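Trainee: Sending over a structure as structure tokens; questions will come in a sec.
The values are calculated or read from the model by the stated rules, or taken from the named source; none is laboratory data. Worth saying up front: this structure is predicted, and the values here are computed from it rather than measured. In this analysis, Cβ positions are derived from the backbone assuming ideal geometry, glycine residues included, and neighbour counts consider all displayed protein chains.
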Amino acid sequence: MNTDFTPPNNIKYVLYPSEYRYDSLCYSGMSNLKGNSNEVFSGLRDRIATVFDIRNPSQIYLFDSASSAITALLTILKNQHNIECVYMPSYSCTELADSVISAGLTFNVYDITDDFRPELEFVRSLIGVQRAAFLIPALFGSRSIPSELMDVLHQLKMPVIFDEAQSFPMAPQYRGTTPRAFFSVISFGKSKPLSSIGGGALIVHQPEMNTMFTAYSVDELQHQESWFPYFRAVTRRQLSKYSWWRKVNGLQYRYADLAALHRAQQIRQREPRGITLLQAQMALRRLQFFLKQMERQKVHVPGLLDALESTFGKQTLRFVLSRDQQCLLPIRIPNHKRKKIGAYLAQKGVQTTFYYYPLHNIERYKERFQLHDCFNADRVFSEILLLPIHTDTPPRHIKKLERFIRQYDEYSTDA
Ligand SMILES: Cc1ncc(COP(=O)(O)O)c(C=O)c1O
């Protein structure tokens, strides 16, 4: 399977434009670091509570990332509910796998359908299983759970974790309070819909369980805030726009393909940390921006989808959700064509990417746990290509991308 990267020499259409655009916001956030932190934290909790339809915002715990939130949650479930293992899709990010390991648990992988969901029959087979947790991410946008699957999730004896890292602030998979051990986690990190400077939260849907988490209230977790790491990160991101900087620092595309990148990576042990004031301030600002921007983009995306369908066929849109449910645009391209299309777009300055390398193929996890094959996860991974349509993408870039796609046939005939 080909996993070659196709980086543009000169990036004009970036995957995550906020990397370069949020710096002024960040500076103004820094100048406000002495603000009333309780007001900011409670403002953010209130906003999250509205999305999740949680009446008591004290059921929401703010962390420095979704990974921190998951690690904290699993550590408590392990200590107080004797959880030993987590069921998670093989097609998911290594941050999730590393969070499970950081909490001292093992994981089992499950395969996914083309809707990035577990097979109904597989979940049903887990109904009697205890001492485990079930993790279900909403990948590439806001994905509602079919009612049949939700019924089965309600019958599980184990806690269920809805991972909304890639959907928040769009509609989550589960809303409201319940007597079931249901939890949600969200992220404000780069590459997520809000694409901010990190941060995340844990939402406890079962009010009675809330007392287990009080050790993770903001006051307990808050760590010393320094502006310097943000200043350094923002400056680096600004400079990484220029190819000379990337070359000098070997910053991006150090590996020719995703398989090589994964071979070089290691398991990352993490300690859960609380959100910082600046992260919370930025998340609040990005929330305001998000809704406005999605509205602006709505008009322009149908033209791009039409271009994709007429150039590459209807199946190309198999992974696509409606615009107000999705960030980035995952299209389906057979593996033998993906590199050529990526290289064509790179020539035009368009940055594309693909993930996730399925966990059952990654040596460092295979060595630790018995992970069975997940053939559909392999196929989805081999076929996905992510186009740079993000919260911050200006409409003129969407139109440009549409034009490039319409010109693809000419290019491929010439080539
Ligand atoms: C589905 C999913 N869950 C959780 C995470 C972890 O989020 P964070 O970067 O905030 O730790 C990611 C990160 O890529 C993700 O894609």
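Trainee: Scan the helices (runs of 4 or more DSSP H) fully inside region 214-298 and keep the ones with 2 or more residues being at pLDDT below 75 and on the phi < 0 side of the Ramachandran plot.
Mentor: Answer list for region 214-298: 218-221, 228-239, 243-249.
Trainee: Kindly indicate the residue of region 173-191 that is over 20 Å from residue 130 (Cβ atoms) and surrounded by fewer than 24 Cβ atoms within 10 Å (Cβ to Cβ) and also nearest to the ligand (Cβ to nearest atom) among those meeting that condition.
Mentor: So the first thing to find is which residues in region 173-191 are over 20 Å from residue 130 (Cβ atoms), and the list is 173-177, 184-191.
When the remaining residues are screened for being surrounded by fewer than 24 Cβ atoms within 10 Å (Cβ to Cβ), the result is 173-177, 189-191.
Details: 173: 12, 174: 15, 175: 19, 176: 22, 177: 23, 189: 4, 190: 8, 191: 6 Å.
Among residues in region 173-191 that are over 20 Å from residue 130 (Cβ atoms) and surrounded by fewer than 24 Cβ atoms within 10 Å (Cβ to Cβ), the one nearest to the ligand (Cβ to nearest atom) is 189.
Trainee: Oh, and also: Pick from 287, 304: which is of a type outside the set (Phe, Trp, Tyr) and under 28 Å from residue 231 (Cβ atoms)?
Mentor: 287
Trainee: While we're looking at this one, here's another question. Go through the residues of region 20-41 one by one and say whether even a single one is assigned to a helix (DSSP H, G or I), away from the ligand (no atom under 16 Å from the Cβ), at pLDDT 90 or above and under 23 Å from the mean Cα position of the chain (by Cα).
Mentor: The answer is yes; a qualifying residue exists.
Trainee: Across region 302-311, which residue is surrounded by the fewest Cβ atoms within 10 Å (Cβ to Cβ) among those that are free of Cβ contacts under 8 Å to residues at least 40 places away in the same chain and under 13 Å from residue 332 (Cβ atoms)?
Mentor: Per the criteria, the residue is 309.
Trainee: Then there's this: Which of the residues that make up region 351-393 are of a type in the set (S, T, N, Q) and either modelled with pLDDT under 95 or more than 15 Å from residue 259 (Cα to Cα) (or both)?
Mentor: 351, 352, 353, 370, 376, 391, 393 - these are the residues of region 351-393 that are of a type in the set (S, T, N, Q) and either modelled with pLDDT under 95 or more than 15 Å from residue 259 (Cα to Cα) (or both).
Trainee: Could you count how many residues in region 197-209 are part of a loop (DSSP other than H, G, I, E, B) and either more than 10 Å from the ligand (Cβ to nearest atom) or at pLDDT 90 or above (or both)?
Mentor: Going residue by residue through region 197-209, those that are part of a loop (DSSP other than H, G, I, E, B) are 197-199, 205-206.
Still in the list and also either more than 10 Å from the ligand (Cβ to nearest atom) or at pLDDT 90 or above (or both): 197, 199, 205-206.
Count: 4.
To keep it simple, each residue is scored yes or no on (1) closer than 21 Å to residue 2 by Cα; (2) surrounded by fewer than 16 Cβ atoms within 10 Å (Cβ to Cβ); (3) in contact with a Leu (Cβ under 6 Å, 6 or more places away or on another chain).
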residue	(1), (2), (3)
288	no, yes, no
296	no, yes, no
325	no, no, no
330	yes, no, yes
333	yes, no, yes
345	yes, no, no
356	yes, no, no
392	no, no, no
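Trainee: Report every pair of residues separated by at least 6 positions or lying on different chains whose Cβ atoms are under 8 Å apart, first residue within region 83-105 and on the phi < 0 side of the Ramachandran plot and touching a residue at least 60 places away in the same chain (Cβ under 8 Å), second among the basic types (Lys, Arg) and more than 14 Å from the ligand (Cβ to nearest atom).
Mentor: 83/131; 101/368
Trainee: Being touching a helix residue (DSSP H, G or I) at 6+ places or on another chain (Cβ under 9 Å), hydroxyl-bearing (Ser, Thr, Tyr) and within 12 Å of the ligand (Cβ to nearest atom) is the requirement here; does residue 102 meet it?
Mentor: In short, yes.
Trainee: Consider residue 166 against the criteria (1) touching a residue at least 40 places away in the same chain (Cβ under 8 Å); (2) away from the ligand (no atom under 16 Å from the Cβ); (3) out of contact with any helix residue (DSSP H, G or I) (no Cβ under 6 Å at 6 or more places or on another chain); (4) under 24 Å from residue 276 (Cα atoms): it satisfies all of them except one. Which criterion is unmet?
Mentor: (2)
Trainee: For residue 161, state whether it is among the aliphatic types (A, V, I, L, M), within 9 Å of the ligand (Cβ to nearest atom) and modelled with pLDDT of 95 or more.
Mentor: Values: among the aliphatic types (A, V, I, L, M): yes; within 9 Å of the ligand (Cβ to nearest atom): no; modelled with pLDDT of 95 or more: yes.
No: the conditions fail for residue 161.
Trainee: Something else now. Could you list, in sequence order, the residues of region 73-89 that are hydrophobic (A, V, I, L, M, F, W, C) and either in a strand (DSSP E or B) or closer than 16 Å to residue 166 by Cα (or both)?
Mentor: 85, 86, 88
Trainee: Could you grab me the full set of residues in region 49-68 that are part of a helix (DSSP H, G or I) and near the ligand (Cβ under 8 Å from one of its atoms)?
Mentor: Of everything in region 49-68, those that are part of a helix (DSSP H, G or I) and near the ligand (Cβ under 8 Å from one of its atoms) turn out to be 66, 67, 68.
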